[in-house]
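One structure is given below, encoded as structure tokens.
The values are calculated or read from the model by the stated rules, or taken from the named source; none is laboratory data. Bear in mind that the values here come from a model prediction, so they are computed numbers and not experimental data. Note that we place each Cβ from the backbone using ideal geometry, even for glycine, and neighbour counts take in every protein chain shown.
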Amino acid sequence: MSETKAAANVKVVGPVKPEWGPILSAEALGFVSELDRRFRGRRVEILQARRARQEQLSRGERPDFLPATRAIRESAWTVGAVPDDLQDRRVEITGPVDRKMMINALNSGARVFMADFEDALSPTWPNIAQGQLNLWDAVRRTISFQAEDGRVYRLNDKIATLLVRPRGWHLSERHVLVDGQPISASLFDFGLYLFHNASALRANGSGPYYYLPKLESHHEARLWSDVFKASEERLGLAPGTIKVTVLIETILAAFEMEEILYELREHIVGLNAGRWDYIFSVIKKFRDQPWHFPDRAQVTMTVPFMHAYTELLIRTCHKRAAHAIGGMAPYIPSRRDPVTNERALAGVRADKEREAGAGCDGTWVAHPDLVPVATEVFDRHLGSRLHQKERMREEVKVRAADLLDFGVPNGTVTETGLRNNLSVATQYIGAWLDGRGAVGIFDLMEDAATAEIARSQLWQWVHRQARLADGRLIDRELCDRLLDEEFAKLGPGLPATYRQGADLLRQLTYGDFTEFFTLAAYDRLE
């Protein structure tokens, strides 16, 4: 298909600043619209398949490892070659495609920086368009930022390897219409970055590398694989140029890790234990069952289902010569209270010791100050090795029942936990509506995934008639009273979006379950 024909019937309905012109060129829009037209029907099919699977789970069916793909799990194969700059991934830092944050993350000393269009970004049109321009500048090492106090931020000589996380298959970009329909946000984010930067990245000795979010099946992985192959052919890139890491952050994907690796074997280099979305996924998928989680803080990586999922991920990755990347440490170091700060850092060290000791090849942090903490742990475990994929973990035997053991020993719901969820969800949704997707709240870096846990737990507690540890029923009256109290603590001068966030939280908590709060809130953004 010619670029001229592909770009026909493509309309940008958001404002276009002059500096965004090259990003939103006719050629670039032609490429992403071509992808959208070619794969639109299959995207609709996988979203329909998600809804059908949810109906099965709501009827009480339990997921299991797939009989139809047993041959894939039992045969010998490995993923393709891993590029040199993705071999050492001992510490990765994540954050939105904000200009200053990107510079700090790339300079942080982490081996990898994941620039996020998804959970850490509020998808306002300026954030999306400017984010693509920021990536353009970062790839060409021309990115800089001048703060209000006059300080200028630029890249160091040595920076982290850049990966980009596009938005998930369930999201659309309403500011770009293809044949009158909003374009797939996944294909828009992926395609613009690839079109503009693949050649420059290759010239720098790197490549177009991505993180893929929220996959629920190997069929969704197959769709991405076909997108990659079509894109490489269209842009004249060698097969396998695009490399990806998949976040295993849904309970259903945990049953298909080997199949996901297999479908993407030409392009995939690893899996990541996306712990926060994983917890949210469990609540969401089994929302119609008579159970509930305790306080969010009590659902740790050592409870049975989280331990089983992580062990299986490491075993699966190393069996197939892929990297296994551990989960996020969301703590924001505080200089106000040294005692509390050191206690939190000790918790981060213990978490990273557990991951490195179990065989993870790397881990995630959310703040540059945590990079040295995590690096020290992995340096000690890895020594001169780039990874520890030689640890096959053949002793790991995880059954379907282990992945579905959602019990939390001695778990309780406390008033403190209830108040925390009400406050965090309100503050985060309010900030998200105000255009900020990575928000420091109570010394933790909250993003859409952690906010989803908070609001989905509230729904679960109300609709499952959970009780606090002191016996009080968690109902609408209690939640409304505590929410009003927590909102009052935020003080005056808040953006109007925070009151909107509180109102939306009430709708999400008391009404029918909403698959993603971002779907309910998206039309309220500019």
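Would you confirm, using the coordinates I've provided, whether Phe39 is more than 21 Å from Asp361 (Cβ to Cβ), assigned to a loop (DSSP other than H, G, I, E, B) and touching a residue at least 60 places away in the same chain (Cβ under 8 Å)?
No: the conditions fail for Phe39.
Quick check on this structure: which one of Ser423, Ser384 is of a type in the set (S, T, N, Q) and within 25 Å of Cys360 (Cα to Cα)?
None of the others qualify; the one that does is Ser384.
Can you name every residue in the range 303-314 that is in a helix (DSSP H, G or I) and under 22 Å from the mean Cα position of the chain (by Cα)?
Listed by number, the residues that qualify are Phe305, Met306, His307, Ala308, Tyr309, Thr310, Glu311, Leu312, Leu313, Ile314.
Within the range 149-171, take every residue that is surrounded by fewer than 21 Cβ atoms within 10 Å (Cβ to Cβ) and farther than 15 Å from Met101 by Cα and give me the one that is nearest to the chain's Cα centre (by Cα).
Among residues in the range 149-171 that are surrounded by fewer than 21 Cβ atoms within 10 Å (Cβ to Cβ) and farther than 15 Å from Met101 by Cα, the one nearest to the chain's Cα centre (by Cα) is His170.
Would a scan of the range 123-134 turn up a residue that is without any contact (Cβ under 8 Å) to a residue 40 or more places away in the chain and in contact with a helix residue (DSSP H, G or I) (Cβ under 6 Å, 6 or more places away or on another chain)?
yes
Hey, which of the helices (runs of 4 or more DSSP H) in the range 415-526, taking only ones fully inside, have at least 2 residues that are without any contact (Cβ under 8 Å) to a residue 12 or more places away in the chain?
So the answer is 476-489, 496-510.
Name the single residue that is nearest to the chain's Cα centre (by Cα) among those in the range 323-348 being in a helix (DSSP H, G or I) and exposed (fewer than 15 other Cβ atoms within 10 Å of the Cβ).
Gly347
Take the residues of the range 265-283 that are within 15 Å of Ala329 (Cα to Cα) and small (Gly, Ala, Ser): which is modelled with the highest pLDDT?
Of everything passing the filter in the range 265-283, Ala273 is modelled with the highest pLDDT.
Under the condition of being among the charged types (D, E, K, R) and crowded, with 18+ Cβ neighbours inside 10 Å, which residue from the range 358-392 is nearest to Arg275 (Cα to Cα)?
Only one residue fits best here, namely Asp361.
So is Ile474 outside the structural domain of Val282 (by TED's automatic domain parsing), modelled with pLDDT of 95 or more, more than 26 Å from Pro123 (Cβ to Cβ) and crowded, with 21+ Cβ neighbours inside 10 Å or not?
yes
Look through the range 425-467, keep the residues that are in contact with an Asp or Glu (Cβ under 6 Å, 6 or more places away or on another chain) and not aromatic (Phe, Trp, Tyr), and return whichever of them is farthest from Leu525 (Cα to Cα).
The selected residue is Ala449.
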